[in-house]
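Below is one structure; the comments refer to it alone.
The values are calculated or read from the model by the stated rules, or taken from the named source; none is laboratory data. Source: prediction; values computed, not measured. Because the Cβ atoms are built from the backbone with ideal geometry, glycine has one as well, and the counts that use them run over all protein chains shown. Accessible surface areas use protein heavy atoms only, side chains included; no ligands, DNA or RNA. Shrake-Rupley method; radii C 1.70, N 1.55, O 1.52, S 1.80 Å.
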Amino acid sequence: MKLDLDALRALIATHADTPGGLMPALHAVQAAIGHVPPEVVPLLADTFNLSRAEVHGVVTFYHHFRQTPPGLHQIEVCRAESCQAMGSDALEAHVEHKLGCKHHDKSADGRWSLEPVYCLGLCAMSPAIAIDGQPHARMTPEKFDRLVAALGDGAQ
Ligand code: FES
């Protein structure tokens with residue numbers, strides 16, 4: 001997919017006069033195209049009067065920001081306290097095995113991105129995950145397998 005740098009420049013410019021506008025601009029870019037590609041770093045640096053190294057430092061500091069396009073489906077597994085107490089470590093291991101990728105990574109076939117999340121607000125129904133932004137509570141490996149199969153994308 002070819003980047004529309006003019007559109008991204010215009011999007012970033014909407015945050016130019018916002019105090020601390022870099023972070024909202026980064027969120028806006030990722031919301032628009034799914035990641036923060038290296039090509040936008042100079043645009044951000046120019047807009048916020050920062051060096052490219054400073055912008056790159058912010059992008060790489062926060063795991064939330066992806067530098068490459070995400071997978072077709074995005075899976076988030078809650079790693080916060082309540083979910084950990086209810087077995088999210090074992091669930092996470094199952095999810096990683098099922099999808100063939102680790103946290104902050106994408107499966108080789110590009111179908112899945114896996115990210116940690118720290119509380120989905122479903123603590124009373126832990127463990128919780130989200131699939132493409134849709135939260136799912138009381139998750140089990142079997143339930144996860146059914147949800148993934150229902151997407152029809154053929155995870156093994
Ligand atoms: S701790 Fe996992 S949903 Fe709150």
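The dipole here belongs to the chain: it is taken about the Cα centre, uses +1 on the Cβ of Lys and Arg and -1 on the Cβ of Asp and Glu, and is about 160 debye.
Share of carbon and sulfur in the accessible area of the chain stands at 55%, probe radius 1.4 Å.
Given axes a ≥ b ≥ c from the Cα gyration tensor, I'd like to know whether segment 73-150 is rounded (a/c under 1.5), prolate (a/b larger than b/c) or oblate. Taking the square roots of the gyration eigenvalues as a ≥ b ≥ c, segment 73-150 is prolate.
With R₀ fixed at 41 Å, the C-beta to C-beta distance from A16 to Y118 puts the FRET efficiency at about 0.85. Relative to the longest principal axis of the Cα atoms of the chain, the long axis of helix 88-99 lies at roughly 80 degrees. Note on the chain: dipole from Cβ charges, positive end direction compared against G100, V36, H63; the farthest Cα belongs to G100.
The heavy atoms of K102 offer some 120 square angstrom of accessible surface to a 1.4 angstrom probe.
On full extension, the segment bounded by A85 and K102 gains 4.0 nm, given 0.36 nm per residue less the C-alpha separation. Give the angle, between 0 and 90 degrees and rounded to the nearest 10, that separates the Cα long axis of helix 52-61 from the longest principal axis of the Cα atoms of the chain. Helix 52-61 sits at roughly 10 degrees to that axis. By the rule of a second cysteine Cβ within less than 4.7 angstrom, the chain holds isolated cysteines at C101, C119, C123. Compute, for D109, the solvent-accessible surface of its heavy atoms (probe 1.4 Å) with the complete set of protein chains present, and express it in square angstrom to the nearest 10. D109 has an accessible surface of roughly 100 Å² with all protein chains in place. When the Cα gyration tensor is reduced to axis lengths a ≥ b ≥ c, the ratio a/c is 1.5 or higher for the chain, and with a/b above b/c it is classed as prolate. Counting only DSSP beta bridges whose two residues both lie in segment 1-134, roughly 50 percent are antiparallel. Give the accessible surface of the chain per residue, rounded to a whole number of Å², with probe radius 1.4 Å and ligands, DNA and RNA excluded. So the chain comes to 55 Å² accessible per residue, rounded to a whole number.
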